[in-house]
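Taking it in order: structure first as structure tokens, then the write-up.
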Amino acid sequence: MNLREHYRDGRFGLSFEIFPPKSAEGEQSLRSAIGELARWQPAFISCTYGAVGSTNQRTLDWCRVIQQEASLPAVAHLTCLESTTAGLCDWLHNSNQSGVVNFMALRGDRPKVRSARPGDFEFAYQLVELIRSKIPTAGIGVAGYPEKHPEAADEPTDLQHTARKVRAGADAIYTQLFFDNQRFLRYRDSLAVLGVEVPIVPGLMPITEYDRVAHIANLCGTFVPQELADSLERVKHDRSAQYAVGLEYSVRQTEELLREGVPGIHFYTLNKAGACLELLEQVRSLIPQRGDKP
Ligand SMILES: Cc1cc2nc3c(=O)[nH]c(=O)nc-3n(C[C@H](O)[C@H](O)[C@H](O)COP(=O)(O)OP(=O)(O)OC[C@H]3O[C@@H](n4cnc5c(N)ncnc54)[C@H](O)[C@@H]3O)c2cc1C
């Protein structure tokens, strides 16, 4: 099913993001995680694409697993930086042959050292245009940044760039993870002012570890509310308490977003089902049934 259909007429869609594992053990545990997550009948499971093509074949392999073994729609992530038009067209052709019709169109992070062959693409909107021209019926998601993309000069400019991806043909926006809902809600309102009407789906990662929150805050510049920082700091030497405190925060964050009528939630699973399943169980009563408006 095309990505666009999932949200049609205000329908709600859960989605989960995975990445291609590196070991046979990781593959086995991901297969079982996909099976468990599938019980929630998500709109789709998406699979990431390694920077500069490092796991690009495995992205399609996992999309096949999602579609054939779990009978769920798959969304293949695809990055364009340092890629050629011909290379991406080949990849799109292969994915179409495998029955993958939904894509997350991304630029990818800039490598520290620029390659001698810079490729044909500078920004994600160009990839959206390419996909739309080659597969007019494709479902296309793009990335959004409630706290601004780190390279962007300022928020208004970044918002304009996101709106451009939608004008180029994107069907939905999936956000970078965040811990402060107010930032997401402001972002949603700012895009609405720019005339963006496609679903804007918040990206969340269930919090389970103090170190991971600190790492994300460092890596992506994500704002960590004082309340969360303090409560995690208090239990930083106790793993099970970190899990309980983190999950409780994530449950509240999710509940608030569901009450705000978000069109879906995109979970960064890190290839593990446990915390997502626990969280979903706790917010079950607030999750709109498929077909219901939020
Ligand atoms: C949901 C989600 C999934 C992701 N999946 C992956 C993945 O699978 N693999 C991976 O490698 N990375 C992934 N990423 C990370 C992403 O590749 C990086 O954040 C990357 O740095 C930016 O990608 P983008 O698609 O947002 O780029 P763009 O939308 O092109 O934006 C990148 C920067 O360029 C600026 N910009 C855009 N257009 C213009 C323009 N016309 N002129 C000047 N400046 C412009 C933007 O403001 C921004 O600062 C994901 C991110 C998200 C949120």
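The values are calculated or read from the model by the stated rules, or taken from the named source; none is laboratory data. All values reported here derive from a predicted model rather than from experimental measurement. Neighbour counts run over all protein chains shown; Cβ positions are idealised from the backbone, glycine included. Quick note on the areas: whole protein, heavy atoms, side chains included, nothing else; ligands and nucleic acids left out. Shrake-Rupley method; radii C 1.70, N 1.55, O 1.52, S 1.80 Å.
Odds and ends about this structure:
- Spin-label pair GLU69/ARG239, simplified geometry with 7 Å Cα→Cβ offset, distance in nm: 2.6 nm
- Apportionment of accessible area to carbon and sulfur, the chain, percent (1.4 Å): 49 percent
- Listed residues LEU127, THR85, ALA33: farthest to the positive end of the dipole of the chain (Cβ charges): THR85
- Helix 239-259 vs. the chain, principal-axis angle (Cα, 0 to 90°, nearest 10): 70 degrees
- A Förster distance of 25 Å, applied to the separation of the beta-carbon atoms of MET1 and LEU185, puts the FRET efficiency at 0.30.
- In the chain, the longest principal axis of the Cα atoms and the axis of helix 181-193 are about 40 degrees apart.
- Column: log10 I(q)/I(0), Debye, Cα scatterers of the range 2-116, q = 0.13, 0.15, 0.17, 0.18 Å⁻¹: -0.52, -0.68, -0.85, -0.93
- Nearest-0.05 FRET efficiency for ALA192 and ASN96, computed from C-beta distance (R0 41 Å): 0.80
- For HIS161 and ARG8, the FRET efficiency from 1/(1 + (r/R0)^6), where r spans their Cβ atoms and R0 equals 22 Å, is about 0.25.
- Rounded to 10°, Cα long-axis angle of helix 210-220 versus longest principal axis of the chain: 40 degrees
- At q = 0.14, 0.18 Å⁻¹, base-10 log of I(q)/I(0) for the range 223-282 (Debye sum, equal scatterers on each alpha carbon): -0.45, -0.73
- Remark on the chain: Rg and Dmax equal 18.4, 54 Å (Cα only).
- Reachable lysines, given that their alpha-carbon falls under 19 Å from the alpha-carbon of LYS134 and they are not under 8 places away in the same chain: LYS165
- Looking at the chain, the accessible area is 48 square angstrom per residue; that uses a 1.4 Å probe and ignores ligands, DNA and RNA.
- Ratio of Rg to Rh over the range 110-183 (Cα coordinates, Kirkwood Rh, two decimals): 1.01
- Phi to ³J(HN,Hα) by Karplus 6.51 cos²θ - 1.76 cosθ + 1.60 over the range 275-281, Hz, x for Gly, Pro: 5, 4, 5, 4, 4, 4, 4
- Between the amide H of GLY139 and those of LEU3, ASN102, PHE103, distances stay under 5 Å, these residues lying 5 or more places away or on another chain, with hydrogens modeled in the peptide plane.
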